[in-house]
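Below is one structure, written out as structure tokens; the observations come after it.
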Amino acid sequence: MAPSSHLSGSIEVERKFVPGPEVEKSLYALGAELFKEITFRDSYYDSPDLRLTLSDCWLRKRGDSWELKHPPQPGARGLIGASTQYTEVTEEDKIICKVSEVLGVPTPPSIEAFCLNEFASFVTRRRSFQLPLEESSGTMAVVDLDEADFGFAVGEVEVIVQTQEEVQNAFQKVEEICKKLGVFQESAVQGKVSTFLQLNRVEHYKQLTEAHVVRPLQDPLKKPCVHSNHF
């Protein structure tokens, strides 16, 4: 048997969905529990030539903490079908090493020393639910219901694994949960950042779609799922 592919961070396997009015009722019916309600600001950063995001590397500051998400495999993309898989890194020294590698620059003493540009910043109100996975005692899926301050609402089912060998099973689990919640759809649902870019940074969004980092809406005339009744 080949050894497990342990990585420098956990792998987040996620699938986004459009949250309808009955989704919380469906969550409770499946045995989910609301465990967190938070509000936070995310600010995203990149180099002037957009080298990070065009490499599908997403550096953000959430509150006072830096986080980086990137595909687990070099040269791969995080979007797989309608789901995503990203390694999340929260240790600043590891973030600095990865950003230096992608940018092709010497390792600086701090993230701020990269002198990156902020390209997106918004506030999210999140309700997080824990949902037990039947066959794995103590293992939970997390379902987040997000409302961003630019009027966009999105849901997300997430299962966290530690090795690449576990990813395929996690994909199946998030798909099953979406089907049980009645929110499953074959095509990918845009997230907050890509929608923000489509609305506010059109050229950046275009470059990401051309690089196949972000999948464009199938109907170019269709607007993003933006709701004016969300703060």
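Observations, loosely collected:
- Output for region 15-26, where each listed residue is touching a helix residue (DSSP H, G or I) at 6+ places or on another chain (Cβ under 7 Å) and either surrounded by fewer than 17 Cβ atoms within 10 Å (Cβ to Cβ) or hydrophobic (A, V, I, L, M, F, W, C) (or both): PHE17, VAL23, SER26
- Taken together, ASP144, ASP149 contain a single residue that is modelled with pLDDT of 95 or more, among the charged types (D, E, K, R), over 17 Å from SER43 (Cα atoms) and within 19 Å of the chain's Cα centre (by Cα), which is ASP144.
- Taking the conditions (1) modelled with pLDDT of 95 or more; (2) open to solvent by 40 Å² or more (accessible area, probe 1.4 Å); (3) under 26 Å from GLN164 (Cβ atoms) in turn, GLU37 satisfies each one other than (3).
- Some residue of region 14-24 being at pLDDT below 95, closer than 15 Å to GLU158 by Cβ and assigned to a loop (DSSP other than H, G, I, E, B): yes
- Spans of strands (runs of 3 or more DSSP E) in region 62-181 with at least 3 residues under 22 Å from ARG51 (Cβ atoms), open to solvent by 10 Å² or more (accessible area, probe 1.4 Å) and polar (S, T, N, Q): none
- When we screen GLN190, GLN218, GLN185 for residues that are open to solvent by 80 Å² or more (accessible area, probe 1.4 Å), within 22 Å of VAL18 (Cβ to Cβ) and either polar (S, T, N, Q) or modelled with pLDDT under 85 (or both), the only hit is GLN218.
The values are calculated or read from the model by the stated rules, or taken from the named source; none is laboratory data. If you're wondering where the values come from, they're calculated on a predicted model, not measured in any experiment. We place every Cβ from the backbone using ideal geometry, glycine too, and count neighbours over all the protein chains shown. Remember, those area values only see protein heavy atoms, side chains included, never the ligands or the DNA or RNA. Shrake-Rupley method; radii C 1.70, N 1.55, O 1.52, S 1.80 Å.
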